[in-house]
Structures are given as C-alpha cells and as structure tokens.
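The values are calculated or read from the model by the stated rules, or taken from the named source; none is laboratory data. This is a predicted model, so every value here is computed, not measured. All Cβ positions, even for glycine, are placed from backbone atoms using ideal geometry, and neighbour counts span all protein chains on display. Note: accessible area is taken over every heavy atom of the protein model, side chains too, but ligands, DNA and RNA are not part of it. Shrake-Rupley method; radii C 1.70, N 1.55, O 1.52, S 1.80 Å.
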There are 2 protein chains.
Amino acid sequence: MPYLRNGSSMVSMRSIGYVKSPYRNTAEVPRGLGAKHEAEGVLEILPEFETGLTDIDGFSHLFVLWLFDRSRGYELMGTPPSDNRPHGVFATRSPRRPNPIGLTVVELLARNGPRLRVRGVDMLDGTPILDIKPYLSSVAPERLRRGWLAEAEARKCGGAEGNRTG
Amino acid sequence: MPYLRNGSSMVSMRSIGYVKSPYRNTAEVPRGLGAKHEAEGVLEILPEFETGLTDIDGFSHLFVLWLFDRSRGYELMGTPPSDNRPHGVFATRSPRRPNPIGLTVVELLARNGPRLRVRGVDMLDGTPILDIKPYLSSVAPERLRRGWLAEAEARKCGGAEGNRTG
C-alpha cells in the first residue's frame with residue numbers, strides 16, 4: 001500500500017501556485033553569512049485551491065514548500081556560499097538535493113483572495129509552490145545549535161567562542 | 001524548462017530513508033490542543049545517502065520533510081482535532097493535502113552512522129523521508145500569531161483574550 005517503499009518512485013506532485021519574486025536568477029538572491037531575506041513577494045495560489053486558504057489570514061508566519069525547478073541533479077557534498085568547506089547536503093540548504101524541495105518561512109503581510117503578500121522570499125520568480133503550512137511554534141534560541149554555520153561565522157567574524165583555525 | 005508549469009505534473013521523488021517511530025497507526029499519535037511531541041524515534045537514512053549527513057551532528061534541530069504515505073486524496077476544508085470548526089487545508093496540518101508532504105521539527109539526540117536518533121517524531125513507523133534540512137533560526141515568539149488555533153485554545157481554556165463563543 002505505501003508507495004516509495006523501494007527507494008525510488010514516481011509521486012504525483014502538483015503546483016498549487018507560483019511565487020512572484022523580485023529575483024529573476026540565483027545570483028540576485030542574498031546568500032551566505034548574514035544574508036537577510038526581507039524581500040517582499042506574492043504567493044499566487046491557483047483558483048482551484050483558493051478555498052484551502054480559508055483562515056490563513058490569522059497566522060503571522062507560514063512555511064512554504066516549493067520546488068527547486070531550475071536545479072538539476074544533486075550532490076551529497078557541497079560547499080555552500082557561507083563557508084569555504086564542503087558539508088553534507090542534508091546539513092545545508094543547497095538546491096541540489098535528492099528531492100529538490102525548498103522550504104522558506106515567510107511573514108504573511110496581507111491576503112487578497114488567492115494572493116498572499118509575504119516578506120522573506122528567497123525563491124526565484126515563477127517558482128512552483130507545493131504546499132503552505134501554518135508556522136505554529138519556534139524552538140527557543142537558547143536551545144539551538146547551528147553546527148558548521150556557527151563555526152563559519154566565528155571564523156569569519158572573529159567570534160570568541162572558538163573553533164577558529166586560521 | 002521548469003516543470004510543474006501546467007498545474008499538475010509528475011515529479012520524481014525518492015525516499016532517502018525511513019522513520020522508526022513508536023506509532024503504528026494515526027490513533028496513537030498525540031493530536032489536538034496541547035499535544036506534546038516528545039516521542040523518540042530514529043531517522044534511518046539509506047546507505048547511498050549517508051555521505052549527505054556529513055556535519056549534521058552539529059545541529060541541535062532539524063527539519064524533516066516526509067511523505068504522508070498512508071493518506072489518500074485531499075480536501076480543501078477540514079476540521080482538525082484541535083477545533084470543532086473547519087479550516088482551509090493550508091491553515092492546518094491535515095494529512096489530506098494536495099501534495100502529501102509532512103514537515104516535522106525534531107531535536108537531534110545522537111548520530112550513529114546513517115541513523116539519527118531524534119526527539120519529537122509525530123510520523124508513523126515506516127514513513128518515507130524525503131529530505132532533511134538544518135534548522136537555523138526561529139521566529140521570535142512575540143512576533144507569532146497563531147490564528148484559529150489561538151482562538152480554539154482560548155475557547156477551550158477560558159483564556160482572557162476573548163473570542164469565546166460558548
């Protein structure tokens with residue numbers, strides 16, 4: 001009964017809408033250490049799915065799942081823009097993943113029918129949206145460890161917390 | 001070039017591993033208001049993808065994207081266990097979504113080769129994993145609004161913030 005039982009399988013995925021973003025190509029998207037994602041954009045949901053947005057207005061933040069539709073293939077190790085060392089793909093946000101699904105937390109600014117105006121887009125214009133979910137709770141910052149990213153920041157910024165190697 | 005341009009399309013998705021969970025059926029998963037997800041489980045990554053876990057040990061929390069592989073079809077409006085009123089599917093965590101992708105934040109307790117022991121599983125045993133991403137930052141709690149869920153809590157718990165209707 002369950003599918004995807006044998007490692008690889010085709011799954012039917014549909015776009016529920018598209019992202020309107022100021023970014024036309026990846027070079028324009030802020031990346032690397034300290035990158036801020038404050039860009040505003042619009043999640044344009046297809047009319048057939050608009051009913052699914054009922055009551056979404058009450059949430060300040062949303063998870064957006066989307067497709068890296070202009071990425072091809074994957075690599076298990078890669079060097080992200082925030083570091084000069086390679087890391088495993090599941091420890092990074094690389095677009096070249098076994099399943100090319102992106103995840104972005106956005107702030108919902110306004111809803112106009114099937115259009116959600118949001119802040120925090122880091123997707124390219126025209127990116128297909130797969131799903132939207134309400135953001136319900138956060139991990140407390142004091143409980144977060146951020147592995148190689150924190151180390152890269154410390155190396156770059158001369159942070160006192162060590163792990164400097166240069 | 002981009003796929004998923006025409007509303008619906010087949011996308012190749014593969015399982016990168018499976019969840020070992022104490023839950024055998026959905027009735028066992030804590031749901032509704034105040035449900036705590038403290039259950040421990042294991043993310044068993046397939047050997048061919050183990051290299052992609054390099055450096056993941058440094059992160060305290062992970063996003064797990066997975067497939068609702070025992071859910072069929074979708075509905076745009078549904079009544080979640082935490083309320084007695086229907087809401088749009090994109091404002092809930094219903095499994096019956098246009099694209100049946102689940103998202104769970106887990107705490108990484110230990111790694112043993114391709115096995116990640118984690119806290120916070122709410123998936124069923126054997127659930128296919130699609131992706132793992134590092135959890136890098138949180139939305140500050142004072143900036144979060146939680147819409148119908150906060151209202152349902154207030155109704156149920158007699159919270160002073162109003163919206164009580166009974």
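If one takes the accessible area of chain A alone plus chain B alone and subtracts that of the pair, with a 1.4 Å probe, what total in Å², rounded to the nearest 100, results?
7300
Per residue and in Å³, how big is the convex hull formed by the alpha-carbon atoms of chain A?
Details: hull volume 26.6 nm³, N = 166.
Convex hull of Cα atoms, per residue: 160 Å³.
Quick check on chain B: helices-only [θ] at 222 nm, where DSSP H runs of length 4 and up contribute -39,500 (n - 2.57) each and the sum goes over total residues. Nearest 500, please.
Numbers: 1 runs with 11 residues, N = 166.
Result for chain B, helices only: -2000 deg cm²/dmol.
Let me know the mean shielding of B:63-69 by other chains, meaning the per-residue number of their Cβ atoms within 10 Å of its Cβ. Don't skip to the answer; put the middle values down first.
Details: counts 4, 1, 7, 1, 6, 1, 6.
Average per residue, whole number: 4.
Just to be sure I understand the model, the point goes 7 Å from the Cα along the line to the Cβ. What's the resulting B:Arg72 to B:Cys157 distance in nm?
Those two pseudo-labels are separated by 3.8 nm.
Could you quickly flag the chain B residue whose beta carbon comes closest to the rotation axis taking B to A, and that distance in whole angstrom?
Axis relating chain B to chain A; nearest Cβ residue and distance: B:Ser138, 2.
For a quick check of understanding: with a 1.4 angstrom probe and all protein chains in place, what accessible area in square angstrom does A:Leu109 have, to the nearest ten?
60
With +1 on each Lys and Arg Cβ and -1 on each Asp and Glu Cβ, and nothing else charged, work out how big the dipole of the stretch B:20-61 is about its Cα centre, in Debye to the nearest 20.
On the way: 4 positive and 8 negative charges, 83 e Å.
So the dipole magnitude of the stretch B:20-61 works out to roughly 400 debye.
Working from Cα positions, state the angle (0 to 90°, nearest 10) between the long axis of helix A:147-157 and the longest principal axis of chain A.
Taking the Cα atoms of chain A, the angle to A:147-157 is about 60 degrees.
At A:Ala35, label 7 Å along Cα→Cβ: distances to the other copies, nm, ascending?
3.4
What is the mean number of Cβ atoms from other protein chains located within 10 Å of the Cβ atom of each residue in peptide B:123-136, rounded to a whole number? Spell out each step's value before the answer.
Working: counts 0, 1, 0, 2, 2, 7, 3, 7, 10, 5, 10, 11, 5, 7.
Average neighbour count from other chains, rounded to a whole number: 5.
With the cut-off at 1.5 for a/c, could you classify the protein assembly as shown from its C-alpha gyration tensor as rounded, prolate or oblate? Kindly include the intermediate steps, with their values, before the conclusion.
Working: a/c = 1.29, a/b = 1.26, b/c = 1.02.
Because its axes are fairly even, with a/c under 1.5, the protein assembly as shown counts as rounded.
Defining a contact as two alpha carbons under 8 Å apart and six or more residues distant in sequence, what relative contact order in percent does chain A show? Display every interim value, and only then the final one.
On the way: 284 pairs, mean separation 51.1, N = 166.
For chain A, the relative contact order is 31 percent.
Averaged per residue, what accessible area in Å² does the protein assembly as shown show with a 1.4 Å probe, protein chains only? Numbers along the way, then the final one.
Numbers: 15230 Å² over 332 residues.
Counting only protein heavy atoms, the per-residue value for the protein assembly as shown is 46 Å².
Could you please state how large a percent of the accessible area of chain B is carbon and sulfur, counting protein chains only and using a 1.4 Å probe?
Working: 3610 of 7620 Å².
Whole-percent figure for carbon plus sulfur exposure: 47.
Sorted by mean Cβ packing within 10 Å, highest first, what order do the peptides A:66-76, A:133-143, B:125-135 take?
Numbers: A:66-76: 17.4, A:133-143: 14.8, B:125-135: 22.5.
The packing order, highest mean first, is B:125-135, A:66-76, A:133-143.
Obtain the nm distance between the two label points defined at B:Thr51 and A:Asp57 by a simple spin-label model: each point lies 7 Å from its Cα along the Cα-to-C-beta direction.
Those two pseudo-labels are separated by 5.1 nm.
Compute the label-point distances linking A:Arg111 to its equivalents in the other copies; points lie 7 Å from Cα along Cα→Cβ; give nm, one decimal, shortest first.
Listed shortest first, these distances are 3.9 nm.
To one decimal in nm, how far is A:Ser12 from the same spot in the other copies, if labels go 7 Å from Cα toward Cβ? Please give the shortest first.
2.0
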